[in-house]
Amino acid sequence: MTRPVDMMRQLAPQVLLASPHAAAIGMEVVSIDPAEAVLKVRFRPDLVGDPDTGVIAGGVVTALLDHTCGQSVMAALERYQAIATLDLRIDYMRPAGPGLDILCRAHCYKLTRSVAFVRAQAYDLDPADPVATAQAAFMLDANSGMNTAQSAMQAQGLGPAVTP
């Protein structure tokens with residue numbers, strides 16, 4: 001029988017390709033382990049936020065943190081399910097080094113029935129000297145929650161008909 005984390009290892013690259021933004025900035029899977037993920041964005045001149053410094057833009061770091069956190073949640077789950085970012089708090093510690101790739105390691109440290117909690121750090125050369133750190137919360141089984149909300153709205157005549 002395939003373990004959920006093994007399935008996530010197989011699906012992780014396709015999950016990134018399915019996200020237009022992740023694909024556009026070239027996110028790559030480095031590793032997937034139980035409740036952990038490491039992703040990378042290689043330096044490219046078109047990702048530079050300030051041409052004078054040659055540093056990758058902060059928005060790229062934000063996207064990398066969010067996606068890596070999500071991948072760690074998927075690697076922690078017992079079954080595949082839709083997730084959605086509820087909260088993402090980022091502390092930017094310093095600019096990345098000019099011309100350097102950015103890596104991100106995330107760990108899903110707590111799963112409840114409906115929410116996953118994650119910590120992450122983005123770094124260039126040394127994980128002990130992060131570019132940014134993040135705390136995140138993800139809604140679990142996001143599609144079922146949306147369908148429930150849509151059904152409730154429809155029952156009150158407030159929304160479009162829900163099709164299965």
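The values are calculated or read from the model by the stated rules, or taken from the named source; none is laboratory data. The shown structure was predicted, so the numbers you read here are calculated from the model rather than taken from an experiment. Heads up, the Cβs are rebuilt from the backbone with ideal geometry, glycines too, and the neighbour counts pull from every protein chain shown.
Points to keep in mind about this one:
- Subset of segment 29-50 (residues that are more than 18 Å from Val131 (Cα to Cα), within 13 Å of the chain's Cα centre (by Cα) and outside any loop (DSSP other than H, G, I, E, B)): Val29, Ile32, Glu36
- The single residue among Ala23, Ala116, Ala120 that is part of a helix (DSSP H, G or I), among the small types (Gly, Ala, Ser), over 18 Å from Asp6 (Cα atoms) and in contact with a Leu (Cβ under 7 Å, 6 or more places away or on another chain) turns out to be Ala23.
- Scanning segment 81-112 for residues that are part of a loop (DSSP other than H, G, I, E, B) and touching an Asp or Glu at 6+ places or on another chain (Cβ under 9 Å) returns Gln81, Ala82, Met93, Arg94, Pro95, Ala96, Gly97, Leu100, Asp101.
- Among the candidates Asp6, Asp52, Asp46, the residue that is loosely packed, with under 15 Cβ neighbours inside 10 Å, closer than 18 Å to Arg79 by Cα and either free of Cβ contacts under 8 Å to residues at least 12 places away in the same chain or not hydrophobic (A, V, I, L, M, F, W, C) (or both) is uniquely Asp6.
- When Thr68, Thr85 are checked against the criterion of being surrounded by fewer than 19 Cβ atoms within 10 Å (Cβ to Cβ) and either under 16 Å from Gln135 (Cα atoms) or β-branched (Val, Ile, Thr) (or both), Thr85 stands alone in meeting it.
- Arg79 fulfils the conditions (1) among the basic types (Lys, Arg); (2) crowded, with 16+ Cβ neighbours inside 10 Å; (3) at pLDDT below 95 except for a single criterion, (2).
- Within segment 121-164, if we keep just the residues that are modelled with pLDDT of 85 or more and among the small types (Gly, Ala, Ser), the residue that is farthest from Ala63 (Cα to Cα) turns out to be Ala128.
- Answer residue from segment 98-129, given it is small (Gly, Ala, Ser) and surrounded by fewer than 18 Cβ atoms within 10 Å (Cβ to Cβ) and is nearest to the chain's Cα centre (by Cα) among those: Ser114
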